[in-house]
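Since the structure comes first, as structure tokens, the remarks are kept for the end.
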Amino acid sequence: MTHSIKLTTGKAFPAVEASLIDGSTVNLGKAHSGADWQMIVVYRGKHCPLCTRYLALLEEQQEALKVIGVSVTAVSADSKEQLEEHMGKLAVTFPIAYGLTEQQMKQLGLYISAPRSEQETDHNYSEPALFIINDQGILQAIDISNVPFLRPELDVVVRGITFIRSQEGYPIRGTVAY
């Protein structure tokens, strides 16, 4: 497993693009869908059952994230074909990008793992991470894991962002308990 220099909060999120199934590209650090903040969830790939579960839990938080002005994009190093196959197991409304390169993984300070077997996957992949970027493109929060089973609890993350957004005077458009 390798990794590189870690990003720090208070600094700009690097310009990193990945591909969507429809053939378009997405700038991971840019909010979308009417939001002004962005959450990026990096996951290991379709071979990881914990990732499939985490993406489903993330979908459960979509309404609460919309209320606080946060859009979500998930991304992995999977190929387009692997993502298309994985989408058959997912029911999500947020965009999922594919094709994260090892250079991009290093740029984001992610831990990089090699597959244990050909049955797992056919390429190196990153371990999980979560980035929250504000409306200025500045990193508000970073969680980078070196193993698949350590990930932030999404309800705690949503409550924390809700608190921060309410303190800065963001007009919360609904109710989120924190």
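The values are calculated or read from the model by the stated rules, or taken from the named source; none is laboratory data. Bear in mind that the values here come from a model prediction, so they are computed numbers and not experimental data. Because the Cβ atoms are built from the backbone with ideal geometry, glycine has one as well, and the counts that use them run over all protein chains shown. Accessible surface is based on the protein model in full, side chains and every heavy atom, while ligands, DNA and RNA are left aside. Shrake-Rupley method; radii C 1.70, N 1.55, O 1.52, S 1.80 Å.
For the reader, a short list of remarks on this structure follows.
- Looking at I161, I144, I112, I172, just one residue is among the aliphatic types (A, V, I, L, M), within 14 Å of V72 (Cα to Cα) and touching a residue at least 40 places away in the same chain (Cβ under 8 Å), and that residue is I161.
- Search result, residues across region 25-48 that are open to solvent by less than 60 Å² (accessible area, probe 1.4 Å), of a type outside the set (D, E, K, R) and farther than 18 Å from Q82 by Cβ: N27, L28, G29, A31, H32, A35, W37, Q38, M39, I40
- Breaking point among (1) part of a helix (DSSP H, G or I); (2) closer than 21 Å to V156 by Cβ, for I40: (1)
- Only residues that are assigned to a loop (DSSP other than H, G, I, E, B), within 15 Å of the chain's Cα centre (by Cα) and either at pLDDT below 95 or within 15 Å of C51 (Cβ to Cβ) (or both) were counted in region 110-145, giving 5.
- Restricting attention to region 82-91, the residues that are open to solvent by 30 Å² or more (accessible area, probe 1.4 Å) and part of a loop (DSSP other than H, G, I, E, B) add up to 3.
- A single entry from T93, T101 fulfils the requirement of being polar (S, T, N, Q), modelled with pLDDT of 95 or more and closer than 17 Å to E17 by Cβ: T101.
- The lone exception for E127 - which of (1) among the charged types (D, E, K, R); (2) crowded, with 19+ Cβ neighbours inside 10 Å; (3) without any contact (Cβ under 8 Å) to a residue 24 or more places away in the chain it fails: (3)
- Top-ranked residue of region 49-81 - restricted to ones that are in a loop (DSSP other than H, G, I, E, B) and more than 15 Å from the chain's Cα centre (by Cα), ranked as surrounded by the fewest Cβ atoms within 10 Å (Cβ to Cβ): S79
- Count - residues of region 108-122 that are surrounded by 14 or more Cβ atoms within 10 Å (Cβ to Cβ) and of a type outside the set (V, I, T): 7
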